[in-house]
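S.K.: Right, I'll just put the structure down here and ask away after.
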Amino acid sequence: MPVVQLPLIDNPSEAIGVSDIQVPNIELPDFQIPNIEVPDFQIPNIEVPDFQIPNIEVPAIDFDPIAKALIRIFIIVAPFVKGVIIGAISGAILLPILVVLFAFLLGFTVVGISLGSCGACWMSGYGGFVSPGSIISIMQSIGAKGLIGGFNRVTIGIGAILGSFIGVYYNVLYES
């Protein structure tokens, strides 16, 4: 590819052909800011009367019985709350895992229904046609999804409810 050299131009006005244009010399008049006098402004002196807070006697409140009652309530309620929280969390995790294990034990696996399993026997009773929403289709879905298949709203909710009942039962009867 050939290299083109451009000539250097000293005066840019010669390059565009404007060397004959003359700019008129314009003189601007002197501009002076007028002197404006601002009158002195004085803040008036306002006297504020002294304000005194009246002395009000507040009756003494004995918080000791209230605190004791709250502590008694907490001691009574704490096992229930502890049982509900621990039981609900445990149940929401354990029940979905147990559902998946139950599906695997019946023969519903990730690769399909195991040959000779309870799930295969159950499926053969339907002649191979399973209606949507039936127990077999739900178990097939859970088995096909693996461990994630058990974690849905129903199993987590039921697990949390059952777990909270079991947690309260355990904490109230055995911890107290």
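S.K.: Of the residues that sit in the range 127-167 and are surrounded by 12 or more Cβ atoms within 10 Å (Cβ to Cβ) and among the aromatic types (F, W, Y), which one is farthest from the chain's Cα centre (by Cα)?
M.R.: By that ranking, first place goes to F165.
S.K.: Next up: Kindly establish whether I158 is of a type in the set (V, I, T) and at pLDDT 90 or above.
M.R.: It is true that I158 is of a type in the set (V, I, T) and at pLDDT 90 or above.
S.K.: Of the conditions (1) more than 30 Å from V77 (Cα to Cα); (2) crowded, with 17+ Cβ neighbours inside 10 Å; (3) within 31 Å of the chain's Cα centre (by Cα), F104 satisfies every one except a single condition; which number is it?
M.R.: It fails just one condition, (3).
S.K.: Is it the case, given these coordinates, that G83 is on the phi > 0 side of the Ramachandran plot and either open to solvent by 50 Å² or more (accessible area, probe 1.4 Å) or not acidic (D, E) (or both)?
M.R.: No.
So that you can scan it fast, the table gives a plain yes or no per residue for (1) polar (S, T, N, Q); (2) surrounded by 13 or more Cβ atoms within 10 Å (Cβ to Cβ); (3) within 16 Å of G149 (Cα to Cα):
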position	(1), (2), (3)
P59	no, no, no
I75	no, no, no
A78	no, yes, no
S90	yes, yes, no
P96	no, yes, yes
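S.K.: Separate question: Which pairs have Cβ atoms under 7 Å, sit 6 or more apart or on different chains, and link a residue in the range 134-159 that is in contact (Cβ under 8 Å) with a residue 40 or more places away in the chain to one that is open to solvent by 70 Å² or more (accessible area, probe 1.4 Å)?
M.R.: G143/F104; G143/V110; G146/V110; G159/L94
The values are calculated or read from the model by the stated rules, or taken from the named source; none is laboratory data. Note that this is a predicted model, so its numbers are computed, not measured. Here Cβ is always computed from backbone atoms with ideal geometry, including for glycine, and neighbour counts include all displayed protein chains. Note: accessible area is taken over every heavy atom of the protein model, side chains too, but ligands, DNA and RNA are not part of it. Shrake-Rupley method; radii C 1.70, N 1.55, O 1.52, S 1.80 Å.
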